[in-house]
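Novice: I have a structure I would like to understand better, so I am pasting it below and will then ask my questions one at a time.
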C-alpha cells in the first residue's frame, strides 16, 4: 500500500480513434462500446492498482490526418494502447470490426482483454521498442479522402 507521503505512479492509456464526420461519429457505437469495456476493466483492477500505488489516466486522442496516424502508429480505429500493447480491431467489410483475443474472433473487445493488458503493465513497467510501422491502407484512404471540416 502507498503511504501518505508516497506519490502514486500513473499508467497512461491512449484511446485513439480516427476523427469521423459528426454525422458518422454519432453512429460509432463500436468505439463507444470499446470505451465502456475499457472503463469496466479499469474499474475491475482499481483495488489492485490502489494497493500497488498506481493511478490510471486515459487520454482520448482523435486522429485527423495520415501524418498523425503515422506518428501515433495507429493500426485500427479504435486503438487502445496500454503500455506497449496495442489492441485494435481488424476492419472487414464496411464498418465491421473483429477483435482477436486468445485465438477467438469477437464482434466487440472482451473486457478481459483490457484487464489482462492492465495487469501485465502493472507487473512490468519496462518500455520495449515498438518495431516497424506503416499506416494501414484503409486508414490512409479514409484520412486522405475525407471531405469534412474539423
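Novice: Name the residues in region 92-109 that are in a strand (DSSP E or B) and under 18 Å from the mean Cα position of the chain (by Cα), would you?
Specialist: The first filter runs over region 92-109 and keeps only residues in a strand (DSSP E or B), leaving 97-101, 104-106.
Listed by number, the residues that qualify are 97, 98, 99, 100, 101, 105, 106.
Novice: If you don't mind, there's one more thing I want to ask. With respect to the numbered conditions (1) at pLDDT 85 or above; (2) part of a loop (DSSP other than H, G, I, E, B), which one is the sole condition not fulfilled by residue 119?
Specialist: It is condition (2) that residue 119 fails.
The values are calculated or read from the model by the stated rules, or taken from the named source; none is laboratory data. What you see is a predicted model, and the numbers here were worked out from it, not measured in a lab.
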